[in-house]
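J.: Handing you this structure, nothing more for now.
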Amino acid sequence: MNIPNRITLSRIMLIPVFIIIMSVSFEWGEWEIGHDVLPVSHFVAAIIFAIASLTDWIDGYYARKYQLVTNLGKFLDPLADKLLVSAALILLVQINLAPAWVVILIISREFAVTGLRLVAAGEGIVLAASNLGKIKTASQLLAITLLLLHNFPFSFINFPFATIMLYIALFFTVLSGLDYFIKNWHVMEESK
């Protein structure tokens, strides 16, 4: 249990805090931001989400820089990402800021890739994230942060950048999922 893995675990521990802030009706007020209204609770949740997202970069950087990459980290890091992103997307559907069909596709891809990783792990193979997977994660994290902020600062010019980013994230989610299965299909074929 090295420092990068502890940082990853801290990301997992921030998820319930994020969920509570998004789910409980805190009467903290709201701000007018251009053509939209931003509840203060969503702003606070966006900050918590952003901090949790930054730990994804910090743990990876630290692990690579000090050669602390472990099999546990290769497993925990993408799991933490999936838990954080899934929780956020489901809550965004609940408050009508993301279409359910997009969220279903994104979460389905995450389950499918996790299933492939589990099959590989059963064969003693650890599948690390690809560069496309990293782009997918970055685009998802940016889209979710912007949606939590109700498209701030783009709401001032009435440009739906948060929604556009969500569809970009969907594109990279599907593309990286296909890439992952194509490159690792041998794991399924060779599985006992």
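The values are calculated or read from the model by the stated rules, or taken from the named source; none is laboratory data. In this text, all values refer to a predicted model and were calculated from it rather than measured experimentally. Every residue, glycine among them, receives a Cβ derived from its backbone with ideal geometry; neighbour counts consider all protein chains shown. These area figures cover heavy atoms from the full protein model, side chains too; ligands, DNA and RNA do not enter into them. Shrake-Rupley method; radii C 1.70, N 1.55, O 1.52, S 1.80 Å.
J.: Students often check this: by mean Cβ neighbours within 10 Å, which of 19-27, 109-117 ranks highest, and how do the rest follow?
T.: In decreasing order of mean packing, 19-27, 109-117 become 109-117, 19-27.
J.: Just for the Cα atoms in the chain, what are the lengths along the principal axes, largest first, rounded to whole Å?
T.: Principal extents (Cα only, largest first): 56, 33, 28 Å.
J.: For region 42-106, compute the orientation-averaged projected area of the C-alpha convex hull (one quarter of its surface), in nm².
T.: 4.9 nm²
J.: For the chain, please report how many Lys pairs fall under 20 Å Cα to Cα, leaving out neighbours fewer than 8 apart on the same chain.
T.: 11
J.: Quick one: the Cα spread of region 93-147 along its three principal axes, in angstroms, biggest first?
T.: 42, 20, 12
J.: Hey, rough spin-label estimate for TRP185 and TYR167, points 7 angstrom out along Cα→Cβ, what's it come to in nanometres?
T.: 3.0 nm
J.: Counting only heavy atoms of protein chains, what accessible area per residue, in Å², does the chain have with a probe of 1.4 Å?
T.: Value for the chain: 53 Å² per residue.
J.: Run the accessible area of region 1-140 with a 1.4 Å probe and give the carbon-and-sulfur part as a rounded percent.
T.: C and S fraction of accessible area: 68 percent.
J.: Let me ask something else. Suppose the chain between ARG6 and ILE58 were pulled fully straight at 0.36 nm per residue; how much longer would it get relative to their current alpha carbon spacing?
T.: Extending this stretch completely gives an extra 17.6 nm.
J.: Now a separate question. In degrees, nearest 10, range 0 to 90: what is the angle between the Cα axis of helix 3-23 and the longest Cα principal axis of the chain?
T.: 40 degrees
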